[in-house]
Amino acid sequence: MLISFGAALASGPVTAFTCYDLEEAEGVLVAAAEKARPVILLVGAAQFARANGRPFVAALSAFADRHSAAACVQLDHVREIDTIATAFAEGVGAVMADGSHLPLDENVAYVAAAVEIAARYGGGVEAELGGIQGSEDIAEAVAAGRITDPEEAERLVRETGASCLAVSIGNVHGHYVERPRLHWDVLDAVRRRVDVPISLHGASGLPPDDVRRAVAAGVRKVNVNTELREAYLAATAERLPRVHDGARLAELHDAQVGAVEAVARAQMDLHE
């Protein structure tokens, strides 16, 4: 069943999984139902921009609404205000209004505009402050000062009404080329200054101990993407030769769902 972004965040630590098709979504939802915990189903802005992006969001929302697991659909890393309005019209429950590339004043204005749109639909808005880079850019991000500034975080949340804040504390999207060194002091300072849930992106490649520590330190939303894709593709490669004869597509999909379910369940265990 579909639930609001606020309800998902209020449940305690919640895992957000990026889904590229309904097989991935099914694996996540089966794991969520088994764990009796809500999840957030993420759709990337680039995927939403594809020709099938809007129908996919509609299908994903309908599929989630008919499932026994509780889920919220969120459009992730949106940089255009028109896309935010379109996404809510298509049925998402939340957007991640990514103004992290903008100067602070412009980020505040962008997120505030997103919150105004979201309010018309009863939706939620996640903001981002700092620079959550690709794995190859982590040293550059730290050197350039794109680690989240706690004072700026307080202002961003206060002046926009954002429902959630994504922080940059040394985390990156994708693979980590070396063991990350997260800035725990920054996370603690942000948590003390803002009164909304904190989101951690790039959790797929973090050591389990770091993920547990982040949740214990106050992170309430953890984003996972890479590990799901890797499990999905590994299951596809392993099963494809066996289903090729007879074109047993349903069997292939079952393998993909099962692989995603196992990873989703393991990730949710880390975030309890």
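Some observations on this one:
- In the stretch 244-268, residue farthest from Thr18 (Cα to Cα) [restricted to those that are without any contact (Cβ under 8 Å) to a residue 60 or more places away in the chain and among the acidic types (Asp, Glu)]: Asp245
- Residues being of a type in the set (Gly, Ala, Ser), part of a helix (DSSP H, G or I) and over 19 Å from Thr226 (Cβ atoms) - total across the stretch 44-57: 2
- Residue list for the stretch 197-250, filter: surrounded by fewer than 13 Cβ atoms within 10 Å (Cβ to Cβ) and charged (D, E, K, R): Asp209, Glu238, Arg242, Asp245
- Residues being touching a Gly at 6+ places or on another chain (Cβ under 8 Å) and either modelled with pLDDT of 95 or more or more than 22 Å from Ser168 (Cα to Cα) (or both) - total across the stretch 80-106: 6
- Single residue of the stretch 217-272 satisfying the filter (of a type outside the set (Gly, Ala, Ser) and assigned to a loop (DSSP other than H, G, I, E, B)) that is modelled with the lowest pLDDT: Glu272
- The set of residues in the stretch 29-40 that are of a type in the set (A, V, I, L, M) and surrounded by fewer than 24 Cβ atoms within 10 Å (Cβ to Cβ) comprises Val30, Ala33, Ala36.
- The residues of the stretch 64-87 that are in a helix (DSSP H, G or I), of a type outside the set (Val, Ile, Thr) and buried (at least 20 other Cβ atoms within 10 Å of the Cβ), listed by number, are Ala64, Ala87.
- Hey, Glu106 surrounded by fewer than 18 Cβ atoms within 10 Å (Cβ to Cβ) and either of a type in the set (Phe, Trp, Tyr) or part of a helix (DSSP H, G or I) (or both) or not: yes
- Reported count of residues in the stretch 109-123, each being out of contact with any strand residue (DSSP E or B) (no Cβ under 9 Å at 6 or more places or on another chain) and outside any helix (DSSP H, G or I), is 1.
- Residues of the stretch 31-40 that turn out to be in a loop (DSSP other than H, G, I, E, B) and of a type in the set (Lys, Arg), as a count: 1
Table: residues versus (1) buried (at least 21 other Cβ atoms within 10 Å of the Cβ); (2) assigned to a helix (DSSP H, G or I); (3) β-branched (Val, Ile, Thr); (4) at pLDDT 95 or above.
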{"residue": "Ala7", "(1), (2), (3), (4)": "no, yes, no, yes"}
{"residue": "Gly12", "(1), (2), (3), (4)": "no, no, no, no"}
{"residue": "Phe17", "(1), (2), (3), (4)": "yes, no, no, yes"}
{"residue": "Glu24", "(1), (2), (3), (4)": "yes, yes, no, yes"}
{"residue": "Gly27", "(1), (2), (3), (4)": "yes, yes, no, yes"}
{"residue": "Leu42", "(1), (2), (3), (4)": "yes, no, no, yes"}
{"residue": "Ala59", "(1), (2), (3), (4)": "no, yes, no, yes"}
{"residue": "Ala62", "(1), (2), (3), (4)": "no, yes, no, yes"}
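The values are calculated or read from the model by the stated rules, or taken from the named source; none is laboratory data. Just so it is clear, the structure is predicted and the values come from calculations on it, not from any experiment. Because the Cβ atoms are built from the backbone with ideal geometry, glycine has one as well, and the counts that use them run over all protein chains shown.
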